[in-house]
1. Out of Phe195, Leu72, Pro4, whose Cα points farthest toward the positive end of the dipole of the chain (charges: +1 Lys, Arg; -1 Asp, Glu; placed on Cβ)?
2. Note down the magnitude of the dipole of the chain about its Cα centre, charges +1 on Lys and Arg C-beta and -1 on Asp and Glu C-beta and zero elsewhere, to the nearest 20 debye.
3. Looking at segment 70-170, send over the antiparallel percent of its DSSP beta bridges, to the nearest 5.
4. Given N residues in segment 70-170, what is Rg(Cα) / (2.2 N^0.38 Å)?
5. Only Lys, Arg, Asp and Glu count, each charged at its Cβ (+1, +1, -1, -1), so figure out the dipole size of segment 70-170 about its Cα centre, rounded to 20 debye.
6. Taking only the Cα atoms of the chain, how large is their convex hull per residue, in Å³?
7. Determine the relative contact order of segment 70-170: mean sequence separation of Cα pairs under 8 Å and six or more apart, normalised by residue count, in whole percent.
8. Please list, ordered by chain and number, the residues whose modelled amide H lies under 5 Å from the amide H of Leu46; skip anything fewer than 5 residues away on the same chain.
Amino acid sequence: MGCPLGLVDISVGGILPEFLERYPKIKLQIIGSDRRADLINERIDLEVRATNEPETQTSLTMRKPDRIRRILVASPSLVERTGNLNCVDELADLPTLAMTSLVSFHTWELVGPNDAKQVIRHQPRLTCRSMTAILNAARAGLGFGLLLESACEADLQAGKLVRVLPDWQSEESQFYIVFTTAKGMPPAVRVLIDFLVEKSKQH
């Protein structure tokens with residue numbers, strides 16, 4: 001199964017132990033990558049994607065179990081040090097955290113009240129390929145992050161993180177499960193797809 005690194009770290013990776021316990025005879029290989037896989041040529045049974053670009057290959061099928069978005073968060077201690085933000089432009093001058101990119105500057109594309117859009121260009125204090133590492137840094141007060149809402153849920157409830165500028169967030173992305181056409185699909189792949197859809201409806 002192919003899956004973006006951020007989702008392996010937090011969302012998908014967190015539920016797969018339950019799947020393996022439920023189906024003890026199934027063996028599962030997770031290929032964590034932010035590159036879109038060629039399922040047929042790479043012989044990958046299915047891939048989880050978060051995108052707004054539908055699959056165009058007629059040999060592939062997509063299921064759309066849910067939508068995801070990223071929200072602005074920080075630790076209470078960081079908000080206390082920097083003060084409450086009044087507008088999104090202020091983020092450009094504050095410490096930020098981001099997933100790895102090969103460029104020195106990063107951009108956050110945000111959607112606000114009345115569908116207003118704003119692009120924030122910033123230089124992160126920390127960049128990393130691991131969502132877990134970025135979350136840990138956010139909890140430690142090292143910077144503001146634009147992180148998956150589902151990944152932050154427990155920390156928000158526990159008070160380890162707080163939402164910043166709650167009227168602003170990323171544009172929603174569609175959460176897709178992509179797989180080859182159902183004809184001849186192995187039963188293990190079918191039950192994994194059904195499991196992922198089931199879990200997405202619980203969050």
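What follows draws every value from the coordinates through simple rules; no lab data is involved. All values reported here derive from a predicted model rather than from experimental measurement. So basically every Cβ, Gly included, is an ideal-geometry build from the backbone, and we count neighbours across all protein chains shown.
1. Of the options given, the answer is Phe195.
2. On the way: 24 positive and 25 negative charges, 111 e Å.
Here the chain has a charge dipole of around 540 debye.
3. Details: 15 of 20 bridges.
So the antiparallel bridges amount to about 75 percent of the total.
4. Values: Rg = 12.4 Å, N = 101, 2.2 N^0.38 = 12.7 Å.
This ratio for segment 70-170 stands at 0.98.
5. On the way: 9 positive and 10 negative charges, 70 e Å.
Roughly 340 debye for segment 70-170.
6. Working: hull volume 26.7 nm³, N = 203.
Once divided by residue count, the hull of the chain is 132 Å³.
7. Values: 187 pairs, mean separation 47.6, N = 101.
Relative contact order here is 47 percent.
8. Gly2
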